[in-house]
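Each remark here refers to the structure printed beneath this line.
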Amino acid sequence: MRMLFWSSVTLIFLAYVGYPIYLYMRARLWPRPVLRKSILPSVSVILAVHNEEKYLAVKLKNIAGLDYPSEQLQVIVVSDGSTDATNDILKDWQGPSRIAVFAPRAGKAAAINLGREAASGEILVFTDARQVVAEDALRQLTANFADPSVGCVSGELMIGQNQDGSGAAGVGMYWRLEKKIRQWEGLTGSMVGATGALYAARRELLVTLPQGTILDDVYVPLQVAREGKRVVFEPQARAFDPVTPNPKQEFARKLRTLYGNYQLLQLAPWILTSSNPLRTRFICHKCLRLVVPFALIGTIVSSFYLGLRTFYDVALVAQLIFYALALFKGYSTKLRILSRMADVSLAFLMLNSAAALAFVYFVGRKKAVWAR
């Protein structure tokens with residue numbers, strides 16, 4: 001039981017503390033800066049949509065207003081079996097350097113593949129319908145491709161914030177830490193994944209996405225790294241999402257992402273082989289989080305079993321108090337530190353509950369939940 005306790009604690013520490021600290025120290029001591037330069041390569045913006053009538057018109061207007069030479073910009077929108085007014089909007093929108101592809105429902109990965117086939121730009125930029133992209137985002141992204149070692153660049157997603165900075169909401173600690181990890185990974189070599197709302201890659205490095213791929217924003221960067229190019233983070237290329245997800249939506253998003261990580265291991269087993277130069281980072285950043293729920297169970301079970309010894313008694317009580325703090329979330333309190341600890345506890349429980357459920361769904365081959 002002692003071995004179970006300490007191995008579980010070590011795994012949890014590595015996943016949420018050890019790996020971030022390692023990246024931070026490397027980024028401070030041995031950074032690998034990108035040689036940025038203002039360049040204007042031809043760019044194809046690819047937007048895969050399904051029933052996005054609510055956001056599409058605004059998104060198309062947003063893309064049309066980007067600060068980038070029109071003769072160097074191509075926009076491709078793939079409608080993946082839309083049944084609302086999406087197709088009508090696209091029929092009125094088409095024109096020079098504007099391509100609308102109408103396809104039967106086959107999922108986002110298939111839509112992206114169609115967009116890639118229609119693209120002529122040197123650089124392909126992927127974005128989603130809901131988020132508004134900053135006016136200079138394309139210039140900020142492409143500046144990184146002046147460095148020949150760079151093959152993929154991720155922008156930064158600003159959750160709960162409009163482009164003018166209004167409507168800012170409290171962003172969860174987990175998301176803030178996740179963005180820091182991505183930035184430090186880029187500064188020390190390559191990121192494991194990109195921000196799905198806005199990222200770019202060299203066209204010649206891209207391959208056909210496997211059918212049904214959930215996390216294109218992880219598969220594409222890993223494929224780019226496999227080709228020997230860097231995947232970096234550009235914080236000045238921003239996409240703004242004014243909608244702050246409620247707890248139910250946030251849980252569903254985490255569940256989808258964590259399930260997608262399991263799916264990647266099935267679709268692309270090479271990710272865990274030596275052909276993936278980011279194998280260690282993928283394990284530390286993605287895989288460890290998948291097994292933390294089991295480590296948490298191992299920690300509490302072993303500390304309960306070893307409870308006759310003073311140290312393990314304290315460890316058991318500390319775990320129970322930490323989990324109980326989640327109950328304070330949603331209740332006003334004058335103790336700011338208690339409120340923040342409650343936030344951490346609830347976010348931690350939500351994340352690991354989603355990871356556990358993702359495992360159950362994956363083993364049970366439950367896929368209907370990802371239809372959208």
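The table that follows gives values for the structure above.
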| quantity | calculated |
| --- | --- |
| Selection within the stretch 230-255 - of a type outside the set (A, V, I, L, M), in contact with a helix residue (DSSP H, G or I) (Cβ under 6 Å, 6 or more places away or on another chain) and not in a strand (DSSP E or B) | Phe251, Lys254 |
| All positions within the stretch 221-274 that are of a type in the set (Lys, Arg) and farther than 22 Å from Ala355 by Cα | Arg226, Lys229, Arg230, Arg238 |
| Enumeration of residues in the stretch 110-152 that are part of a helix (DSSP H, G or I) and either touching a Pro at 6+ places or on another chain (Cβ under 7 Å) or basic (Lys, Arg) (or both) | Arg116, Arg139, Thr142, Phe145 |
| Residue within the stretch 36-58 that is in contact (Cβ under 8 Å) with a residue 12 or more places away in the chain, charged (D, E, K, R) and loosely packed, with under 12 Cβ neighbours inside 10 Å present | yes |
| Condition broken by Gly196, with the remaining ones in (1) in contact with an Asp or Glu (Cβ under 6 Å, 6 or more places away or on another chain); (2) surrounded by fewer than 19 Cβ atoms within 10 Å (Cβ to Cβ); (3) closer than 30 Å to Thr273 by Cβ satisfied | (2) |
| Some residue of the stretch 47-68 being closer than 19 Å to Arg202 by Cα and under 25 Å from the mean Cα position of the chain (by Cα) | yes |
| Where Asp92 falls short, out of the listed (1) of a type outside the set (Lys, Arg); (2) part of a loop (DSSP other than H, G, I, E, B); (3) at pLDDT below 95 | (2) |
| Residue in the stretch 24-42 that is in contact with a strand residue (DSSP E or B) (Cβ under 8 Å, 6 or more places away or on another chain) and assigned to a helix (DSSP H, G or I) present | no |
| Number of positions in the stretch 217-253 that are surrounded by 22 or more Cβ atoms within 10 Å (Cβ to Cβ) and under 25 Å from Val292 (Cβ atoms) | 7 |
| Lys61 vs. criteria in a helix (DSSP H, G or I) and without any contact (Cβ under 8 Å) to a residue 60 or more places away in the chain | yes |
| Residues of the stretch 119-160 satisfying the condition of being touching a Ser or Thr at 6+ places or on another chain (Cβ under 8 Å) and over 20 Å from Gly189 (Cα atoms) | Ala119, Ser120, Gly121, Glu122, Ile123, Leu124, Val125, Val133, Arg139, Leu157, Ile159, Gly160 |
| Exclusive hit being at pLDDT 95 or above, buried (at least 20 other Cβ atoms within 10 Å of the Cβ) and within 22 Å of the chain's Cα centre (by Cα), set Ala119, Ala110 | Ala110 |
| Every residue from the stretch 160-217 that is in a helix (DSSP H, G or I), among the aliphatic types (A, V, I, L, M) and either more than 20 Å from Asn246 (Cα to Cα) or modelled with pLDDT of 95 or more (or both) | Ile181, Leu187, Leu205 |
| Residues satisfying the stated conditions in the stretch 218-254, i.e. among the acidic types (Asp, Glu) and either more than 17 Å from the chain's Cα centre (by Cα) or under 14 Å from Ala268 (Cα atoms) (or both) | Glu227 |
| Count - residues of the stretch 280-303 that are over 13 Å from Leu11 (Cβ atoms) and either outside any helix (DSSP H, G or I) or of a type outside the set (A, V, I, L, M) (or both) | 6 |
| Residue satisfying all of: in the stretch 313-346; modelled with pLDDT of 80 or more and of a type in the set (Val, Ile, Thr); surrounded by the most Cβ atoms within 10 Å (Cβ to Cβ) among these | Val344 |
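The values are calculated or read from the model by the stated rules, or taken from the named source; none is laboratory data. Predicted model, so just to flag it, every value in this text is computed and none were measured. Glycine gets a Cβ as well: all are built from the backbone with ideal geometry, and neighbour counts include every protein chain shown.
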